[in-house]
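The values are calculated or read from the model by the stated rules, or taken from the named source; none is laboratory data. Note that the structure is a prediction, hence the values are computed from the model and not measured. Positions of Cβ are generated from backbone atoms using ideal geometry, with glycine treated the same way; all protein chains shown enter the neighbour counts.
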C-alpha cells in the first residue's frame, strides 16, 4: 500500500542465455525493441482516446545480465485498477495473436534510425564522462561498446537483411511477452485483504474482446497542416549583443527575432517562441483553467490534425514542442536540427495561427490531476511541490495546483474559451540559437512567423506579485509519509525586473554565502546530515516577486533549529561584512558555474529572452562579468541589510501528520 495513486505492474521473466555480444544478437534485439515500441504506441493511443487507465507502458530490460525481463506498468484512472489491467492485457493479447502491419513497423524503424543519426550528429559534443561510464558499464557485463556511426551501421544491416517484417516482429512479441515466470505487484492507496485474489483474477480473466479495432495510419505530412499567409518582409536588422554576437530582426507583421550562431553544440538548434504576457495575463483573484495548459494545450492538435497525426509527421524528425508560462510571456519551445529548423518553426507558427481543440486531452488532463491529488501530501517533498509556490505568492491562484473541486470542473468548452484569445495575443518574439546559418534562420522565420497575421499587444491583467506577510511562528503543513521526515523553509522578499538586474546577480553570491554557512552549522556543528539549499530568484520579467529562500529536508525535531540557524546567519550578514576569503569561497564556484553554462545556448537564450521588447535585458548581457566578478563584502552587507531583516522573513515547516492516540487497554 502506498499513499499516492494506484499502480499495477506485471513482470515476465526469462533466464539470461546470451553470453556473447555479437552483431547478430544486437540486430535481433532491435527487433524485440520494435515489438515493444509498437505495443507502447497502441497503449498510448488508447489512453489518448479515452480508456480506464491514465498511462501504461511496456519495458524490456536485462537485470545485470542475470534475467531477461518484460515489465508492463499500468496507472489506472481512480481506483479501478482491475478494469485498467484487463484493458491493457487486451491490447497485449491482440499483439500476441496478430502481427503488426508493415506501416506500424516502418514507423518505429524510421524513428529509431532518426534517433541514431541525431546521436551521430551530436557525438562530437558528448561528455567524456558519459563515454567513460558507457565503456565501464560494458566491461562490467562483458559486452562491447562502439561508436554512434557503427551502431547505426549494425541497425542498417538489420534493415538490409529485412529483419523487420510482420512475421519476425510477431515472433519477437511472443518471445518478450512470455517466459518461465510471471509476477505481479499492485500498490493501492488503501489496504484490501482480498487484493491477492482480485489480482489473480484480473491476470487470468478473458480479455480477447477488449483490444478493440486497431487504428490505421493515415497519409499525413507537413503539407496537411493549415496554410500560413504570404511571407512578410524584414523591416529592420541590427546587432543586439556584440559579444557574443546576437542579431535582432523585426519583420513587417511585428514579429521580432533573435539569432545566435553557436556551433559549440553540433547539430543542435534551440527555438523559443514567446508571445502574450504570461503570468501577467492571468487573473490573480480567481481560479482559471490555466493550470491544465501543460497537460492539454499542445495535445489539442493543430487545425484538424490531432496529436496522433502530429506525432506521425514529426516522429522521424528532430522536432519537439513544450509549452510553458513565463513571468511575462507564454512560451512554446523546441529543440531541433539545422535540417529540420524550417519545419520546427512552421509547426509552432501554425499551432499559434490555427490551434486545434480536441476535447480528449482535456479529459485526460483532468483525470491525471484528480489521480495525482491524493498524493499531494504523501511526503514533505510532495507538500512543497504542491503548496510552496502558491504560499510564497500570498495565495495567488496563478501558482500551484487548484483544489480538487476546481480540478473536477475542468471542461473542454471553458478551457478553449480561456486559452483561445491568449494563444492569439501578441507580441511574438522568436529566438533561434545554436548550430545555424543566421541568414537561413532569418529566412525560415520570415516564411513561417513572418507569414502570420499581425497581432495586438496583450493586455496586462495582473502585474503585481505579492509576497506573504511576516509570521511570528512558521506556517505548519502536514504530510502523510514517513514519521521521521520533515521540511523547513524560510524566505525573504527580494526584487525583480530588468532595472536592478545587477542587484539580482549579486544576491546569488549572497545566497551562496548563506548556503555555505548554514551547511557548516547544520551538518558540522549541529550534526544533522541533511543538505540545505539556499537560492536567490530574481524574475527579470516581473517588477517584483523575487526572493532569497532557504530550505531543507530534516527530522521533525530539527525544524526549529534550522530556522534559528538561518535567522542567526542572516543577522550576522547584516551586522558586519564578510571576510574576503569567505567571499572568494562563495564567488569562485558561482563564477565557474556561470562560465560552464555560458558555453551552451540555453544560457544565452535565458539572458536575452524578451530583449526585443525590453532592451534593458540585452544591455544587461554586457555587465555579466562585472556584476559577479566585482562584488565586494560591503555590497553584500548592504544587500543583507536591504533584504534579510528579521521582520520581513516568512517561514514554514512540513511535519508528519499527527496520529490519533491509541486508547489504553480497558479504556472506554
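Checking each residue in the range 382-414 for being closer than 21 Å to residue 55 by Cβ and part of a helix (DSSP H, G or I) picks out 382, 385, 386, 404, 407, 408, 412. Applying the selection to the range 646-668, what residues are assigned to a loop (DSSP other than H, G, I, E, B) and modelled with pLDDT of 95 or more? If the condition is that a residue be assigned to a loop (DSSP other than H, G, I, E, B) and modelled with pLDDT of 95 or more, then 649 is the only one that fits.
crowded, with 17+ Cβ neighbours inside 10 Å, touching a helix residue (DSSP H, G or I) at 6+ places or on another chain (Cβ under 7 Å) and in the same structural domain as residue 292 (by TED's automatic domain parsing): does that describe residue 382? Give the derivation first.
Working: crowded, with 17+ Cβ neighbours inside 10 Å: yes; touching a helix residue (DSSP H, G or I) at 6+ places or on another chain (Cβ under 7 Å): no; in the same structural domain as residue 292 (by TED's automatic domain parsing): yes.
Taking the combined requirement at face value, the residue does not satisfy it.
Here is the figure for the range 626-645: residues that are in contact (Cβ under 8 Å) with a residue 60 or more places away in the chain and assigned to a loop (DSSP other than H, G, I, E, B) total 3.
Quick one: is residue 472 without any contact (Cβ under 8 Å) to a residue 60 or more places away in the chain and either part of a loop (DSSP other than H, G, I, E, B) or not assigned by TED's automatic domain parsing to the domain that holds residue 381 (or both)? Can you show your working first?
Working: without any contact (Cβ under 8 Å) to a residue 60 or more places away in the chain: yes; either part of a loop (DSSP other than H, G, I, E, B) or not assigned by TED's automatic domain parsing to the domain that holds residue 381 (or both): yes.
In short, yes.
Within the range 232-252, the set of residues being under 21 Å from residue 456 (Cβ atoms), touching a residue at least 40 places away in the same chain (Cβ under 8 Å) and more than 32 Å from the chain's Cα centre (by Cα) comprises 232, 233, 252. Pick from 477, 388: which is out of contact with any helix residue (DSSP H, G or I) (no Cβ under 6 Å at 6 or more places or on another chain) and within 30 Å of residue 532 (Cα to Cα)? Of 477, 388, the one residue that is out of contact with any helix residue (DSSP H, G or I) (no Cβ under 6 Å at 6 or more places or on another chain) and within 30 Å of residue 532 (Cα to Cα) is 388. Taken together, the criteria exclude residue 537 from residues that are at pLDDT below 95 and either out of contact with any strand residue (DSSP E or B) (no Cβ under 7 Å at 6 or more places or on another chain) or under 30 Å from residue 487 (Cβ atoms) (or both).
Considering only the range 543-557, I want to know if a residue exists there that is over 32 Å from the mean Cα position of the chain (by Cα) and in a helix (DSSP H, G or I). Within the range 543-557, one or more residues are over 32 Å from the mean Cα position of the chain (by Cα) and in a helix (DSSP H, G or I). The lone criterion from (1) without any contact (Cβ under 8 Å) to a residue 60 or more places away in the chain; (2) within 25 Å of residue 162 (Cα to Cα); (3) not in a strand (DSSP E or B) left unmet by residue 37 is number (1). Residue 443 passes every criterion in (1) surrounded by fewer than 21 Cβ atoms within 10 Å (Cβ to Cβ); (2) not assigned by TED's automatic domain parsing to the domain that holds residue 250 apart from (2). Residues of the range 417-437 that are buried (at least 17 other Cβ atoms within 10 Å of the Cβ) and assigned to a helix (DSSP H, G or I): 419, 422, 423. Listed conditions (1) assigned to a loop (DSSP other than H, G, I, E, B); (2) more than 20 Å from residue 444 (Cβ to Cβ); (3) at pLDDT below 95 are all met by residue 357, apart from (3).
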